[in-house]
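J.: Once you've had a glance at the structure underneath, I'll fire off some questions.
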Amino acid sequence: MIGIAALWITLLLVGGGVALDRVLADAITRNFDDGMNYVLTAMISSAEIGPDGEVLFNRPLADQRFLEPNSGLYYQISAKGHEDWRSRSLWDRALAFNPNHADRTDHIYNSKQFPGEDLRIMERTILLPGSKTPWLFMVGQARAGLDAQIKTLRTTLFNSFAMLAIGLMVLATLQTIYGLRPLRRVRQEIVRMRAGEKSRVTEPMPAEVLPMVEELNALLAHNERQAEEARTHAGNLAHALKTPLTVIMNAATAQADDLGETVIREATTMRRQVDHHLARARAVGRRGAAQSRAEVWTSLQAVERAVDRLYPYVRVDMDGDKSAAVRVERQDLDEMLGNLLENAAKYGGGSVFATVERAGDMVDILVEDDGTGIPPADRIRIFDRGVRLDSGKPGTGLGLAIVRDVAEIYGGTVVLEESEDLGGALVRLRLPAA
């Protein structure tokens, strides 16, 4: 930031300094030329043709430097075939001119014809009354004074702009250092958190940095929740596997006659538990993805085709908003809808109806069946792991538990109601709209 600021300041000041130098140098030069133009005009207005056909002044020029040899201010009137009329200040020198060149307007140029003395010359060709000869009036002045003024100007500009550049760079440096100081404070807070001294950034911060600090604290809280959930899942899984493993170990130690059946039964229980916790772990790991999005109708159609193959005697109808989408990974949505539709097909009377509705910033997915329904007293207990109201049909008792856990992970809910149209159970799955 400091380097970019220094480069930008340098470019601006160099560009501004060059432009200002040209403007002021041109102004000084124009003022210098105006003085010579005044002298040249005075010469032309005072000139006339004498009896011998040569030019003479009817009144002397006022500037005394024309009378002082090598004074730095000179004039000369020349014409082809005539002797030059020069100021005494030229002494034994003469201004060079081209007899075939004619300027009806002022012609200004620099000349180095005198060794050690740079000149600025203004000339104009005039036809005087009574003469057919074009006379070249020339005024020359040493550039030493003009160059000294321009040098003084440039020195002043350079010093001023250099001081301005240093001041601006120092200001930019201090501003950058001061402006980035809150980030160094945030870094120090993070160092303290890594050292275990604190768990959040609690140091007061400026308003410009506060949103970042709040997001950082929110991220830390999110990670802590995920870590706690992971520990909870690991503990629950270990606890769920501990009992089946103990049963298997006891049966094996006692060399029980039904050892094979016991292993198969307890292994099935362990597999159900592992599947349940894996589903939760997948949902927890994916819920932070901002790009999570799933089309509800597409997922329903895929699940409906799978249910048709498993339960060909069950009719599944669907209706509602076909464009609705939810902020859930497609795999997790398929798993929730699969459990709901499969339960409705398994425990219903042969008819299942799924409806998709929008509810503000949420999407409701209603799955109804024409079975015996679920008593109100069991509508909360049924979501617990392993709870089954109908043990006569195959199942694990984990389907609704998985739906509830995954829905809650994504910020949704699932509740059991009674279907008014079909008379059986109604499951209302509510998920955040995408």
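J.: Would you kindly identify the strands (runs of 3 or more DSSP E) lying entirely within segment 326-423 that contain at least 2 residues that are closer than 19 Å to residue 304 by Cβ and either of a type outside the set (Lys, Arg) or modelled with pLDDT of 85 or more (or both)?
T.: 351-359, 362-369
J.: Now for a separate question. Inside segment 352-382, can you point out the residues that are among the small types (Gly, Ala, Ser) and either crowded, with 19+ Cβ neighbours inside 10 Å or within 10 Å of residue 424 (Cα to Cα) (or both)?
T.: Once the filter is applied, which keeps residues that are among the small types (Gly, Ala, Ser) and either crowded, with 19+ Cβ neighbours inside 10 Å or within 10 Å of residue 424 (Cα to Cα) (or both), segment 352-382 yields 354, 371, 373.
J.: Here's something else I'd like to know. Only residues that are at pLDDT 85 or above and either assigned by TED's automatic domain parsing to the domain that holds residue 7 or hydroxyl-bearing (Ser, Thr, Tyr) (or both): list them for segment 164-208, please.
T.: 173, 176, 178, listed by residue number.
J.: Any residue at all in segment 292-314 that is modelled with pLDDT under 80 and either surrounded by 13 or more Cβ atoms within 10 Å (Cβ to Cβ) or among the aliphatic types (A, V, I, L, M) (or both)?
T.: yes
J.: Step by step: first the residues of segment 353-371, then only those that are out of contact with any Phe, Trp or Tyr (no Cβ under 8 Å at 6 or more places or on another chain) and of a type in the set (Val, Ile, Thr), then the one that is nearest to residue 404 (Cα to Cα). Which residue is that?
T.: Once the filter is applied, the top-ranked residue is 365.
The values are calculated or read from the model by the stated rules, or taken from the named source; none is laboratory data. Note that the structure is predicted; figures quoted are calculated from it, not measured. Heads up, the Cβs are rebuilt from the backbone with ideal geometry, glycines too, and the neighbour counts pull from every protein chain shown.
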